[in-house]
1. Against the condition in a helix (DSSP H, G or I), modelled with pLDDT under 95 and under 16 Å from the mean Cα position of the chain (by Cα), how does Leu27 come out, does it pass?
2. Give the residues of the stretch 11-24 that are farther than 21 Å from Ala136 by Cα, assigned to a helix (DSSP H, G or I) and open to solvent by less than 70 Å² (accessible area, probe 1.4 Å), sorted by residue number.
3. Only residues that are in a loop (DSSP other than H, G, I, E, B), surrounded by 13 or more Cβ atoms within 10 Å (Cβ to Cβ) and among the polar types (S, T, N, Q): list them for the stretch 39-60, please.
4. In the stretch 153-169, how many are of a type outside the set (A, V, I, L, M) and not in a helix (DSSP H, G or I)?
5. Being over 23 Å from Asn10 (Cβ atoms) and in contact (Cβ under 8 Å) with a residue 40 or more places away in the chain is the filter here; which residues of the stretch 57-81 pass it?
6. Within the stretch 153-166, track down each residue that is open to solvent by 20 Å² or more (accessible area, probe 1.4 Å) and of a type in the set (Ser, Thr, Tyr).
7. Among the residues of the stretch 56-92, how many are more than 16 Å from the chain's Cα centre (by Cα) and either within 23 Å of Leu30 (Cβ to Cβ) or of a type in the set (Asp, Glu) (or both)?
8. Hey, does the stretch 69-76 have a residue that's farther than 20 Å from Lys107 by Cβ, in contact with an Asp or Glu (Cβ under 6 Å, 6 or more places away or on another chain) and not hydroxyl-bearing (Ser, Thr, Tyr)?
Amino acid sequence: ITDEYGIFSNTVLETQKTDIKNVLYQLLHLSIKVSGGKPTQKFLKATSILIDELDFTTYKSFVYQLLEEIIKHKPIEKTTHYEFIEKSNLNTLKGLVWTLSKFHDAKTIILLSKLAERCYKKIPGVGPTAAALGNACLYTLANTKGKDGIAQLTVLKQKIKQTSTKKLI
């Protein structure tokens with residue numbers, strides 16, 4: 001993928017050891033094909049099996065780098081519209097966010113909350129930056145074990161302006 005974010009993602013991927021990179025490629029391949037508002041059980045099962053082949057710390061570190069970059073990423077103003085990231089990268093990120101439903105630690109939950117907040121930030125004249133990715137974050141937060149995900153959803157409900165998103169929360 002040739003957008004700025006895609007170049008960053010490929011650079012992060014290339015720093016991995018070959019055996020780890022091969023598993024990450026499989027995860028990315030599954031993630032790029034996602035559609036809909038929530039993951040299928042087939043997707044969650046397939047990605048969980050692949051994640052189990054990796055050290056959880058390695059996997060989370062890889063995904064955290066990608067998500068932290070998106071939080072900092074600025075939309076690019078084109079002649080006729082704004083572009084945040086290419087659609088295929090957006091789908092891949094949505095799939096990766098869903099894979100984080102396997103983890104219930106505070107760092108993951110806080111990162112997902114920050115990403116959701118970023119995704120619902122409005123672009124003037126356009127609307128939310130990346131609502132589909134934000135919705136993936138909400139899904140994952142709602143499906144975490146314990147009360148931390150629900151607590152972050154409560155915080156997000158206060159910060160997010162869109163009525164439809166507040167209802168979704």
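The values are calculated or read from the model by the stated rules, or taken from the named source; none is laboratory data. Here the structure is a predicted model, which means the values were calculated and not measured. Heads up, the Cβs are rebuilt from the backbone with ideal geometry, glycines too, and the neighbour counts pull from every protein chain shown. Just the protein is used for accessible areas: all its heavy atoms, side chains included, with ligands, DNA and RNA removed. Shrake-Rupley method; radii C 1.70, N 1.55, O 1.52, S 1.80 Å.
1. no
2. Here is the first cut: in the stretch 11-24, the ones farther than 21 Å from Ala136 by Cα are 11-23.
In the following step, the residues that additionally are assigned to a helix (DSSP H, G or I) were identified as 11-14, 18-23.
The answer is Val12, Leu13, Ile20, Lys21, Val23.
3. Initially, the stretch 39-60 is screened for residues in a loop (DSSP other than H, G, I, E, B), giving 39-40, 53-55.
After this cut, where a residue has to be surrounded by 13 or more Cβ atoms within 10 Å (Cβ to Cβ) as well, the list is 39, 53-54.
None; the set is empty.
4. In the first step, residues of the stretch 153-169 are kept if they are of a type outside the set (A, V, I, L, M); the result is 154, 157-159, 161-167.
Within this subset, residues satisfying the condition of being not in a helix (DSSP H, G or I) are 161-162.
Number of matching residues: 2.
5. Going through the stretch 57-81, the residues over 23 Å from Asn10 (Cβ atoms) turn out to be 77, 79-81.
The one that is over 23 Å from Asn10 (Cβ atoms) and in contact (Cβ under 8 Å) with a residue 40 or more places away in the chain: His81.
6. Thr154, Thr163, Ser164, listed by residue number.
7. Of the residues in that region, 5 qualify.
8. Within the stretch 69-76, one or more residues are farther than 20 Å from Lys107 by Cβ, in contact with an Asp or Glu (Cβ under 6 Å, 6 or more places away or on another chain) and not hydroxyl-bearing (Ser, Thr, Tyr).
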